[in-house]
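Visitor: Quick one: this structure, given as structure tokens, is what I'll be asking you about.
The values are calculated or read from the model by the stated rules, or taken from the named source; none is laboratory data. Everything numeric in this text was worked out from a predicted model, so none of it was measured. In this analysis, Cβ positions are derived from the backbone assuming ideal geometry, glycine residues included, and neighbour counts consider all displayed protein chains.
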Amino acid sequence: MRVVIAEDSVLLREGLTRLLTDRGMRVVAGVGDGEALVKAVHELADGPDGLPDVVVADVRMPPTHTDEGLRAAVRLRREYPDLGVLVLSQYVEEQYATELIAGSGRGVGYLLKDRVAEVREFVDAVTRVAGGGTALDPEVVAQLLGRSRRHDVLASLTPREREVLGLMAEGRTNSAIAAALVVSHGAVEKHVSNIFLKLGLAQSDTDHRRVLAVLTYLNS
């Protein structure tokens with residue numbers, strides 16, 4: 001797995017590089033601002049090895065330390081739909097977060113830094129996003145849903161199906177959802193199938209349908 005890291009703190013950037021390298025990933029670029037991130041991905045995409053698998057970017061980077069990293073991530077997701085994009089932040093920037101998640105690409109993640117308390121949790125998120133899945137912090141989901149104005153797309157879902165879809169948005173597997181809701185694995189599978197049906201997601205790769213279902217949920 002080829003990873004690009006964008007983080008202006010040299011110590012944190014080196015720490016993330018070591019962390020991912022120790023787990024068999026290859027960090028092909030490490031940069032300190034949004035402009036450098038875009039440039040690095042462009043150069044890699046045009047190089048012999050092609051587009052990297054995933055970008056891990058801090059939201060706040062120079063020169064203003066506001067949302068440069070997130071804006072760069074939104075741009076890259078628009079330009080390269082097959083590029084996994086995972087952003088890390090101290091807060092939820094709703095405007096760009098919505099654009100990032102609702103973009104045309106597949107793998108996407110938005111995690112709050114204080115939630116990523118365990119190495120395994122972070123590595124799992126990077127792997128999931130690189131594979132085309134989602135990794136969304138529960139607080140991100142809650143805030144974006146709080147801004148939602150149109151609920152017609154999800155009107156046919158039962159409260160339990162909405163609950164299951166919310167957990168899917170966090171990137172949880174069916175087994176993890178079953179444990180969280182204290183129900184059987186079969187019950188979760190039935191809810192997921194009903195969600196796909198009600199959202200009009202035709203039979204296809206199950207993982208891809210999960211991503212589409214999540215994007216429908218967050219963009220409704």
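Visitor: Looking at Val38 and the list (1) surrounded by 13 or more Cβ atoms within 10 Å (Cβ to Cβ); (2) touching a strand residue (DSSP E or B) at 6+ places or on another chain (Cβ under 8 Å); (3) closer than 16 Å to Arg2 by Cα, which single condition is not satisfied?
Guide: The single condition Val38 does not satisfy is (2).
Visitor: Only one of (1) at pLDDT 85 or above; (2) touching a helix residue (DSSP H, G or I) at 6+ places or on another chain (Cβ under 9 Å); (3) on the phi < 0 side of the Ramachandran plot fails for Tyr96. Which number is that?
Guide: Of everything listed in (1) at pLDDT 85 or above; (2) touching a helix residue (DSSP H, G or I) at 6+ places or on another chain (Cβ under 9 Å); (3) on the phi < 0 side of the Ramachandran plot, Tyr96 misses just condition (1).
Visitor: Determine whether Pro62 is surrounded by fewer than 16 Cβ atoms within 10 Å (Cβ to Cβ) and either among the charged types (D, E, K, R) or not in a helix (DSSP H, G or I) (or both).
Guide: Spelling it out, Pro62 is indeed surrounded by fewer than 16 Cβ atoms within 10 Å (Cβ to Cβ) and either among the charged types (D, E, K, R) or not in a helix (DSSP H, G or I) (or both).
Visitor: Scan the range 180-200 and report the pairs whose first residue is farther than 16 Å from Val214 by Cβ and whose second residue is hydroxyl-bearing (Ser, Thr, Tyr), with Cβ atoms within less than 7 Å and a gap of 6+ or a chain change.
Guide: As it stands, the answer is His185/Ser175, since those pairs meet every condition given.
Visitor: Looking for whichever is in contact with a Phe, Trp or Tyr (Cβ under 9 Å, 6 or more places away or on another chain) and either among the β-branched types (Val, Ile, Thr) or touching a residue at least 40 places away in the same chain (Cβ under 8 Å) (or both) here; the options are Leu19, Leu83, Leu44. Which one fits?
Guide: Just one listed residue meets the conditions, Leu19.
Visitor: Mind listing whichever residues of the range 17-40 are in a helix (DSSP H, G or I), within 21 Å of Leu111 (Cα to Cα) and not small (Gly, Ala, Ser)?
Guide: Thr17, Arg18, Leu19, Leu20, Thr21, Leu37, Val38
Visitor: For the range 53-93, enumerate the residues that are in contact with a helix residue (DSSP H, G or I) (Cβ under 7 Å, 6 or more places away or on another chain) and among the hydroxyl-bearing types (Ser, Thr, Tyr).
Guide: If the condition is that a residue be in contact with a helix residue (DSSP H, G or I) (Cβ under 7 Å, 6 or more places away or on another chain) and among the hydroxyl-bearing types (Ser, Thr, Tyr), then Tyr80, Ser89 are the ones that fit.
Visitor: Considering (1) crowded, with 16+ Cβ neighbours inside 10 Å; (2) modelled with pLDDT of 95 or more; (3) over 19 Å from Arg128 (Cβ atoms), say which one Val3 fails and leave the rest.
Guide: (3)
Visitor: Of the residues that make up the range 75-84, is at least one in contact with a Ser or Thr (Cβ under 6 Å, 6 or more places away or on another chain) and not acidic (Asp, Glu)?
Guide: Yes.
Visitor: Mind telling me which of the residues Arg77, Arg71 ends up being part of a helix (DSSP H, G or I) and either out of contact with any Phe, Trp or Tyr (no Cβ under 8 Å at 6 or more places or on another chain) or among the aliphatic types (A, V, I, L, M) (or both)?
Guide: Going through Arg77, Arg71 in turn, the sole match is Arg77.
Rundown of residues vs (1) touching a Cys at 6+ places or on another chain (Cβ under 6 Å); (2) closer than 18 Å to Lys113 by Cα; (3) at pLDDT 95 or above; (4) among the hydroxyl-bearing types (Ser, Thr, Tyr), yes/no style:
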| site | (1), (2), (3), (4) |
| --- | --- |
| Val10 | no, yes, no, no |
| Gly15 | no, yes, no, no |
| Val28 | no, no, yes, no |
| Ala36 | no, no, yes, no |
| Val41 | no, no, yes, no |
| Leu44 | no, no, yes, no |
| Leu51 | no, no, yes, no |
| Val56 | no, yes, yes, no |
| Met61 | no, yes, no, no |
